[in-house]
1. Residue by residue through segment 40-50, note down the ones that are under 11 Å from Gly97 (Cα atoms) and either open to solvent by 20 Å² or more (accessible area, probe 1.4 Å) or of a type in the set (Lys, Arg) (or both).
2. If I filter segment 2-24 for residues that are without any contact (Cβ under 8 Å) to a residue 24 or more places away in the chain, in contact with a strand residue (DSSP E or B) (Cβ under 6 Å, 6 or more places away or on another chain) and open to solvent by less than 70 Å² (accessible area, probe 1.4 Å), do I get at least one hit?
3. Restricting to segment 91-107, and then to whatever is surrounded by 14 or more Cβ atoms within 10 Å (Cβ to Cβ) and in contact with a strand residue (DSSP E or B) (Cβ under 8 Å, 6 or more places away or on another chain), can you tell me which residue is farthest from Phe57 (Cα to Cα)?
4. Between residues in segment 78-106 that are in contact (Cβ under 8 Å) with a residue 24 or more places away in the chain and residues that are loosely packed, with under 13 Cβ neighbours inside 10 Å and outside any helix (DSSP H, G or I), which pairs lie under 6 Å by C-beta distance while being six or more apart or on different chains?
5. Scan (1) open to solvent by 70 Å² or more (accessible area, probe 1.4 Å); (2) in a helix (DSSP H, G or I); (3) free of Cβ contacts under 8 Å to residues at least 24 places away in the same chain; (4) of a type outside the set (Asp, Glu) for the single condition Thr56 breaks and write down its number.
6. Which of (1) under 12 Å from Lys96 (Cα atoms); (2) touching a residue at least 12 places away in the same chain (Cβ under 8 Å); (3) touching a Leu at 6+ places or on another chain (Cβ under 9 Å); (4) not basic (Lys, Arg) does His34 not meet, given it meets every other one?
7. Inside segment 59-79, can you point out the residues that are over 17 Å from Met35 (Cα atoms) and buried (at least 17 other Cβ atoms within 10 Å of the Cβ)?
8. Could you please give the count of residues in segment 25-39 that are open to solvent by less than 40 Å² (accessible area, probe 1.4 Å) and either modelled with pLDDT under 95 or part of a strand (DSSP E or B) (or both)?
Amino acid sequence: MREEVIKSYDEIIAANPNFDRKGKTMPYTSANGHMCSQVNKDGELGSRLSKTDTSTFDVQYGAQPFLSYGAIMREYVRIPQTLLDDKQKLGYYLQKGFEYVMSLPPK
């Protein structure tokens, strides 16, 4: 299952010039010094979103917390399986995460 999530994640990242996949064992994207998405060791994908985008996401998919190394990642939502199967919509939310971290002060 984790390998399938990573494969889908890699396809979406490759299609967007804003993203560079980082991390060998824990794939992630980052921009402006902030992580914007990550695949955890359980094979779950999380995306970092603004409060507004999290609210919209919650209405459509139910915003569930995203855990990494047992800790809840603030500002992240766990991507449900239904969204993993819709690469266009998933790409949209990963882009929204990128836009959000670009709005934050650089690290």
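The values are calculated or read from the model by the stated rules, or taken from the named source; none is laboratory data. Not measured: the values here are computed from a predicted model. All Cβ positions, glycine included, derive from the backbone under ideal geometry; neighbour counts span all protein chains shown. Only protein heavy atoms, including side chains, enter the accessible area calculation; ligands, DNA and RNA are left aside. Shrake-Rupley method; radii C 1.70, N 1.55, O 1.52, S 1.80 Å.
1. The answer is Arg48, Ser50.
2. No: segment 2-24 contains no residue that is without any contact (Cβ under 8 Å) to a residue 24 or more places away in the chain, in contact with a strand residue (DSSP E or B) (Cβ under 6 Å, 6 or more places away or on another chain) and open to solvent by less than 70 Å² (accessible area, probe 1.4 Å).
3. Residue satisfying both the conditions and the ranking: Leu104.
4. Pro106/Gly33
5. Condition (1) is where Thr56 drops out.
6. With (1) under 12 Å from Lys96 (Cα atoms); (2) touching a residue at least 12 places away in the same chain (Cβ under 8 Å); (3) touching a Leu at 6+ places or on another chain (Cβ under 9 Å); (4) not basic (Lys, Arg) applied to His34, the lone miss is (1).
7. Once the filter is applied, which keeps residues that are over 17 Å from Met35 (Cα atoms) and buried (at least 17 other Cβ atoms within 10 Å of the Cβ), segment 59-79 yields only Ala63.
8. Selection size over segment 25-39: 9.
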